[in-house]
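> A single structure is presented below for examination.
The values are calculated or read from the model by the stated rules, or taken from the named source; none is laboratory data. If you're wondering where the values come from, they're calculated on a predicted model, not measured in any experiment. Positions of Cβ are generated from backbone atoms using ideal geometry, with glycine treated the same way; all protein chains shown enter the neighbour counts.
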Amino acid sequence: MNDWNKEIEKLLNPLKDIHPTDIELQKWKRAALHEQRANAFAARPFFRRSLQFAAAGFIGFLVGWTVFGSGLIPRNRESLIAESNNNNATVEVIFSN
Amino acid sequence: MDWSATIDKIGPPLLRYFCGSFPRQIADELVQETIIRLVRKVETGKYDPSKGSFLKYAYGIARFVKLEGMKALPAETLPGSDFFSDQLPMESGSPDFGYDQQLRARKIRAALLRLPEVQREILLLILDKDLSLSEIAEILEMPLGTIKSHVHRAKRSLQEIVQVEEAIK
């Protein structure tokens, strides 16, 4: 480091004698290995995107079912003024207010 | 990534960095927390080598962990407390780390604890000379000129504290 000052180096030198024990190093390595394994699946882009896609689909299904399947927005059949169910035609449903 | 080799390289400087602000036992835990977060970020592709060196990235996480530690830990374990002063002797892993070295380390650490937080932070970041002042400026989100003036002031304060303590003894 160009800006490094020899005087500071001399002052702080005692702190540089601090070293981790072998036990500490092994503990950190085990923790890293454990974390690496835990993230191995999520780390792969294909699986990560697949997971996101599946989660988005599931949430979309839940929202759709909640809104349209649970009767929260009921169809008001009483206000139905015209309905065509011709097999060869586009189904057209018209509601009044 | 070969995490075993990486930890051999970054573990010791991270321990020294945390030891400047916390008792050894807490520093050990904070190094582990830093490593876990580092592995998670790298393995999930959040580390972008184009934005700086790996070491700078590691120290950035370490600083965040340190700030979190200061908020989460009981006040009596933080720098400046009696508990912390009692923990000043350095329990080095090396059996060669003798009594005199422990005393010198304790003295310099006591002096560091009297410095303002930002000055101590800068000195601890430049302790291992792995980071440039520009990288330290990025980690601390400060202009390079401010970092340089803090280094100058920290050096002067540290010298004064050490000289006063030696004069008292």
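> Being modelled with pLDDT under 80 and more than 8 Å from chain B (Cβ to nearest Cβ): is that true of A:Val63 here?
Taking the combined requirement at face value, the residue does not satisfy it.
> Which residue, of B:Gly80, B:Gly45, B:Gly93, is outside any helix (DSSP H, G or I), under 25 Å from A:Gln36 (Cβ atoms) and at pLDDT below 80? Walk me through how you get there before you give the answer.
Values: B:Gly80 fails: under 25 Å from A:Gln36 (Cβ atoms); B:Gly45 fails: at pLDDT below 80.
The match here is B:Gly93.
> Which of the residues belonging to region B:10-44 are of a type in the set (D, E, K, R) and closer than 16 Å to A:Ala31 by Cα? Spell out the reasoning first.
Filtering region B:10-44 for residues of a type in the set (D, E, K, R) gives B:16, B:24, B:28-29, B:33, B:37, B:40-41, B:43.
Those that are of a type in the set (D, E, K, R) and closer than 16 Å to A:Ala31 by Cα: B:Asp28, B:Glu29, B:Glu33, B:Arg37, B:Arg40, B:Lys41, B:Glu43.
> If we keep just the residues of region A:12-56 that are surrounded by 11 or more Cβ atoms within 10 Å (Cβ to Cβ), at pLDDT 85 or above and more than 28 Å from the chain's Cα centre (by Cα), which is nearest to the other protein chains (Cβ to nearest Cβ)?
A:Thr21
> Here is a further query. Mind checking which residues of region B:18-63 are within 10 Å of chain A (Cβ to nearest Cβ), surrounded by 15 or more Cβ atoms within 10 Å (Cβ to Cβ) and more than 26 Å from B:Leu115 (Cβ to Cβ)?
B:Gln32, B:Ile35, B:Ile36, B:Arg37, B:Leu38, B:Val39, B:Arg40, B:Lys41, B:Val42, B:Glu43
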